[in-house]
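First comes the structure, then the notes that go with it.
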Amino acid sequence: MLSRSRCFSGTFGRSFAALAKRNNVLGQRAVSGLPVCTRIVYKNHHTRDARPWICVPHMRFFRTSVCHNEVVTVNTPAFAESVTEGDVRWEKAVGDAVAEDEVVCEIETDKTSVQVPSPASGVIEALLVPDGGRVEGGMPLFKLRKGAGLAKASDAPPPKAESPASAPPAPAAPVSIPSVMPPVPPVSGQAIDAKPVSAVKPSTVPPTPAAPPTTTGARSENRVKMNRMRQRIGQRLKEAQNTCAMLTTFNEVDMSNIHEMRKIHKDAFLKKHNIKLGFMSAFVKAAAYALTEQPAVNAVIDDATKEIVYRDYVDISVAVATPKGLVVPVIRNVETMNFADIEKSINMLGEKARKNELAVEDMDGGTFTISNGGVFGSMFGTPIINPPQSAILGMHGIFDRPVAVSGKVEIRPMMYVALTYDHRLIDGREAVTFLRKIKAVVEDPRVLLLDM
């Protein structure tokens, strides 16, 4: 025990002496390229001579990197005030690589479709909502692993070099031509028992029945879930039938003058406004003029308060057919527009509808609706009111028909127009006067200039 204590004491003393010596003795090692400075060591409060000492600066190295395998959760975007939920339609599946801003899914609401893009490049880690599932604003949609797709692409082996073209096939061995004729089989010496044709009796084996004819064409059925937009359209149309006392009045419009005006001015109109002159702008402008003359057609009934709301502005909804259903974007303040402004607005809204880029704000409101079934060749029809509006104008195809003009029969391009209105608010006199005003303006646009 005493020897172990002495060993420990000796070892501890030698370690302490070495530590003190290292603290008091100057370094003598010289390094090329480093500055030489002076260090003074104090021992027992006595100053020692200064000796050169190597001053090695202390450096820290920082390393920054981007976390490529970070998994983020993408939530459902916020909807408009009038939309609370929607159905998800997935464009991508689990494991698919997506680029930044690439559409991952589409949310169909009652009024429009909202596309959800990827916030960054990566790979779809998980889909948190099934296809066709219902979501609300802020709910988690899917998980994305950032940068995973790029890493996989960089780790992929380079494409192998194309193998050299295969050697041409060796020529076939020449076929030997026989030089000796083959032997002729011997003929039997017995006479052949021949029978006359009349003695041959028909076979008694019954003929094989023909196969039944196969049915051409498949008689199958395919069930597809109705999208939310079409469900909402059907619901609103049925509500209009159950709520409004709908009545339809008809008239016909002679399109000769508007045809002639378009034929004369279409090139100059296109050159100045960079858009074609169509017939829709004439009817929209005529409807705006007639709505200011007949404010009851531009009004609406508030069923909650049992009041009639009259509007001092004219916002006309234009029905546009899309693959997902009928949408009605709104042209606002039409009473202040000219033909060029109306044509530009219609073209812009129609392009957004075909690209599925219409927002809810583009379809909110509207005091009157125009539906043009003539683009599909419709000749006659009765449109249904777009609630909460009180009337809708239906345009139809332009067809040459014989009409009486100044006691003579002439062939003129004619169009039937129909006005469906809510008879609870609009009387027959206002409805017929409104439709006749549209007829007058379209047949002779000079009525607008004369304010007649």
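The values are calculated or read from the model by the stated rules, or taken from the named source; none is laboratory data. These numbers come from a predicted model, not from an experiment. Note: ideal-geometry Cβ built from the backbone for every residue, glycine included; neighbour counts use all protein chains shown. For accessibility, only protein heavy atoms count, side chains too; no ligands or nucleic acids. Shrake-Rupley method; radii C 1.70, N 1.55, O 1.52, S 1.80 Å.
Does Val432 satisfy the criteria of being within 23 Å of Val297 (Cα to Cα), open to solvent by less than 40 Å² (accessible area, probe 1.4 Å) and at pLDDT 95 or above? For Val432, the condition - within 23 Å of Val297 (Cα to Cα), open to solvent by less than 40 Å² (accessible area, probe 1.4 Å) and at pLDDT 95 or above - is not met. The set of residues in region 263-292 that are charged (D, E, K, R) and either surrounded by 15 or more Cβ atoms within 10 Å (Cβ to Cβ) or out of contact with any Lys or Arg (no Cβ under 9 Å at 6 or more places or on another chain) (or both) comprises Lys263, Asp267, Lys271, Lys272, Lys285.
The rows are residues; the columns are (1) among the basic types (Lys, Arg); (2) more than 19 Å from Leu435 (Cα to Cα).
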{"site": "Lys355", "(1), (2)": "yes, yes"}
{"site": "Ala359", "(1), (2)": "no, yes"}
{"site": "Gly365", "(1), (2)": "no, yes"}
{"site": "Ser371", "(1), (2)": "no, no"}
{"site": "Ile385", "(1), (2)": "no, no"}
{"site": "Met415", "(1), (2)": "no, no"}
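The set of residues in region 372-399 being open to solvent by 40 Å² or more (accessible area, probe 1.4 Å) and either in contact with a Pro (Cβ under 6 Å, 6 or more places away or on another chain) or in a helix (DSSP H, G or I) (or both) consists of Val375, Phe376, Ile398. Looking only at residues in region 304-323 that are in a loop (DSSP other than H, G, I, E, B) and farther than 29 Å from Gly373 by Cα, the one that is most open to solvent (accessible area, probe 1.4 Å) is Lys306. Could you count how many residues in region 400-452 are in a strand (DSSP E or B) and of a type in the set (A, V, I, L, M, F, W, C)? The total comes to 10. Set side by side, the residues Val66, Val83 differ, and just one is touching a strand residue (DSSP E or B) at 6+ places or on another chain (Cβ under 9 Å), β-branched (Val, Ile, Thr), open to solvent by 50 Å² or more (accessible area, probe 1.4 Å) and at pLDDT below 90, which is Val66. Number of residues in region 331-341 that are open to solvent by less than 60 Å² (accessible area, probe 1.4 Å) and either among the acidic types (Asp, Glu) or over 17 Å from Gly365 (Cβ atoms) (or both) equals 2. Can you tell me which residue among Leu277, Leu247 is assigned to a loop (DSSP other than H, G, I, E, B), of a type in the set (A, V, I, L, M, F, W, C) and in contact (Cβ under 8 Å) with a residue 40 or more places away in the chain? Just a single option satisfies the conditions, and that option is Leu277. Checked against (1) in a loop (DSSP other than H, G, I, E, B); (2) modelled with pLDDT under 95; (3) surrounded by 18 or more Cβ atoms within 10 Å (Cβ to Cβ), Leu349 meets all criteria but (1).
The residues of region 103-116 that are open to solvent by 60 Å² or more (accessible area, probe 1.4 Å) and not basic (Lys, Arg) amount to a single one, Gln115. For region 419-427, state whether one or more residues are touching an Asp or Glu at 6+ places or on another chain (Cβ under 7 Å) and open to solvent by less than 80 Å² (accessible area, probe 1.4 Å). No, every residue in region 419-427 fails to be touching an Asp or Glu at 6+ places or on another chain (Cβ under 7 Å) and open to solvent by less than 80 Å² (accessible area, probe 1.4 Å). Considering (1) open to solvent by less than 30 Å² (accessible area, probe 1.4 Å); (2) not in a helix (DSSP H, G or I), the lone condition that Asn356 does not fulfil carries the number (1). Apart from one condition, Glu260 fits all of (1) in contact with an Asp or Glu (Cβ under 7 Å, 6 or more places away or on another chain); (2) loosely packed, with under 11 Cβ neighbours inside 10 Å; the exception is (1).
Once region 250-274 is narrowed to residues that are of a type in the set (Asp, Glu) and in a helix (DSSP H, G or I), the residue that is nearest to Val405 (Cα to Cα) is Glu260.
When the residues of region 117-151 are filtered to those that are assigned to a strand (DSSP E or B) and closer than 30 Å to Ser317 by Cβ, the one that is most open to solvent (accessible area, probe 1.4 Å) is Arg134.
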